[in-house]
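The structure appears right after this line, and notes come after that.
The values are calculated or read from the model by the stated rules, or taken from the named source; none is laboratory data. Note that the structure is a prediction, hence the values are computed from the model and not measured. As a convention, Cβ positions derive from the backbone with ideal geometry for all residues, glycine included, and neighbour counts pool all protein chains shown.
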Amino acid sequence: MPRKLIIGCGYLGHRLAQSWFDDGDQIFATTRRTDRAAQWLAQGWNPIVWDVTDPQVPAWPEEVDTLVFAVGLDRQATAAIDEVYVQGLRHLLSSLPPGLERLIYVSSTGVYGQQRSAWLDEDSPCEPTRAGGRACLAAERLLQASAVADRNIILRLAGIYGPGRLPQRDKLARHEPLPGAPQGYLNLIHVDDAVQAIRAAERLQKLPDLFVISDGSPVLRSDYYSYFAQLAKLPPPRFAPPAVDEASTSRAQGDKRVNNAKMRRELPFTLRYPDYRSGLAAIVGDSLPGA
């Protein structure tokens with residue numbers, strides 16, 4: 001029975017784990033919460049209680065073929081982003097499961113910075129301007145210099161959206177001004193397609209590798225929220241002017257667009273939601289009364 005270990009089983013990782021579990025794989029997943037561990041145990045998973053900021057790494061199960069590092073920052077926790085993304089990965093790399101065949105690191109397109117009006121791909125220079133992008137890039141480089149450098153796959157994910165994760169929905173419903181330039185671009189990937197991408201990467205034979213993961217259809221922020229408001233029968237969006245101290249290179253003013261050509265060419269899966277319209281229509285449709 002294939003064994004999968006997921007470090008960071010949150011919004012994306014939980015869906016990935018469930019997908020593999022439904023196919024009959026044995027799932028091991030880390031969590032910081034004992035109540036969540038109990039829930040996973042009851043549903044047939046193998047929980048491991050561990051915080052990646054803890055240098056005391058647990059004893060991993062043997063014969064894990066694939067490990068996915070998909071740790072996100074808990075905004076309610078006190079740990080700094082470098083402690084979680086970089087030091088957390090360093091702790092993991094100090095003691096890996098024996099016989100591990102591949103390590104998939106879930107990174108971010110934030111490693112590129114903003115680079116206004118540019119189309120970016122795997123060969124574009126990385127010039128992150130925000131703490132999250134800098135931490136992801138540092139983690140990537142740590143992995144590429146590690147003992148599993150020849151067995152890693154880095155996936156730079158665009159902004160994840162999906163059921164239960166539609167940023168700014170509450171502000172839109174209250175008709176409050178939304179942050180960000182209306183003419184700035186959003187690069188997106190539906191969570192179901194992100195799961196598909198990770199599963200496709202797990203089947204790759206050519207290692208190591210690097211992919212940009214997005215739907216390939218960047219959308220202006222104003223178009224995205226206008227369409228969302230129309231679908232959900234909410235007031236049309238309003239946008240707040242940028243703060244006086246907001247740098248022109250900040251995410252809110254970003255104008256980058258990411259190219260997913262390599263993903264479409266080399267990863268064996270087909271996008272279920274190739275643009276924001278199909279993704280939002282499915283999410284909002286499912287949430288309407290009687291759906």
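Odds and ends about this structure:
- For the condition within 20 Å of the chain's Cα centre (by Cα), assigned to a helix (DSSP H, G or I) and under 22 Å from residue 64 (Cα atoms), residue 137 does not qualify.
- Qualifying residue in the stretch 72-79 (condition: touching a Lys or Arg at 6+ places or on another chain (Cβ under 7 Å), within 18 Å of residue 12 (Cβ to Cβ), surrounded by 15 or more Cβ atoms within 10 Å (Cβ to Cβ) and in contact (Cβ under 8 Å) with a residue 60 or more places away in the chain): no
- Here residue 111 fits the description: on the phi < 0 side of the Ramachandran plot, crowded, with 22+ Cβ neighbours inside 10 Å, of a type in the set (Val, Ile, Thr) and out of contact with any Phe, Trp or Tyr (no Cβ under 9 Å at 6 or more places or on another chain).
- Matching option when the condition is surrounded by fewer than 18 Cβ atoms within 10 Å (Cβ to Cβ), touching a His at 6+ places or on another chain (Cβ under 8 Å) and touching a residue at least 60 places away in the same chain (Cβ under 8 Å), among 165, 238: 238
- Considered as a group, the residues in the stretch 67-121 that are among the aromatic types (Phe, Trp, Tyr) and farther than 24 Å from residue 55 by Cβ include one that is modelled with the highest pLDDT, and that residue is 112.
- Hits in the stretch 187-219 - residues which are over 24 Å from residue 17 (Cβ atoms) and at pLDDT 95 or above: 187, 216, 217, 218, 219
- Residues located in the stretch 172-188, provided they are part of a loop (DSSP other than H, G, I, E, B) and either surrounded by 14 or more Cβ atoms within 10 Å (Cβ to Cβ) or in contact with a Lys or Arg (Cβ under 8 Å, 6 or more places away or on another chain) (or both): 175, 176, 177, 179, 180, 181, 182, 183, 184, 187
- In the stretch 2-64, counting only strands (runs of 3 or more DSSP E) that sit wholly within it, the ones holding 3 or more residues that are buried (at least 19 other Cβ atoms within 10 Å of the Cβ) and not aromatic (Phe, Trp, Tyr) span 3-7, 26-31.
- Candidates in the stretch 189-205 are the residues that are touching a residue at least 40 places away in the same chain (Cβ under 8 Å) and not in a helix (DSSP H, G or I); of these, the one that is farthest from residue 151 (Cα to Cα) is 190.
- Picking from residues in the stretch 103-133 that are touching a residue at least 60 places away in the same chain (Cβ under 8 Å) and in contact with a Leu (Cβ under 6 Å, 6 or more places away or on another chain), the one that is farthest from residue 204 (Cα to Cα) is 112.
- Residue within the stretch 226-234 that is of a type outside the set (A, V, I, L, M), at pLDDT 95 or above, touching a helix residue (DSSP H, G or I) at 6+ places or on another chain (Cβ under 7 Å) and surrounded by fewer than 16 Cβ atoms within 10 Å (Cβ to Cβ) present: no
- Test set (1) at pLDDT below 95; (2) assigned to a loop (DSSP other than H, G, I, E, B); (3) closer than 23 Å to residue 107 by Cβ - residue 252 fails condition number: (2)
- Considering each residue of the stretch 134-144 in turn, at least one proves to be closer than 26 Å to residue 26 by Cα, out of contact with any Pro (no Cβ under 8 Å at 6 or more places or on another chain), touching a residue at least 12 places away in the same chain (Cβ under 8 Å) and surrounded by 14 or more Cβ atoms within 10 Å (Cβ to Cβ).
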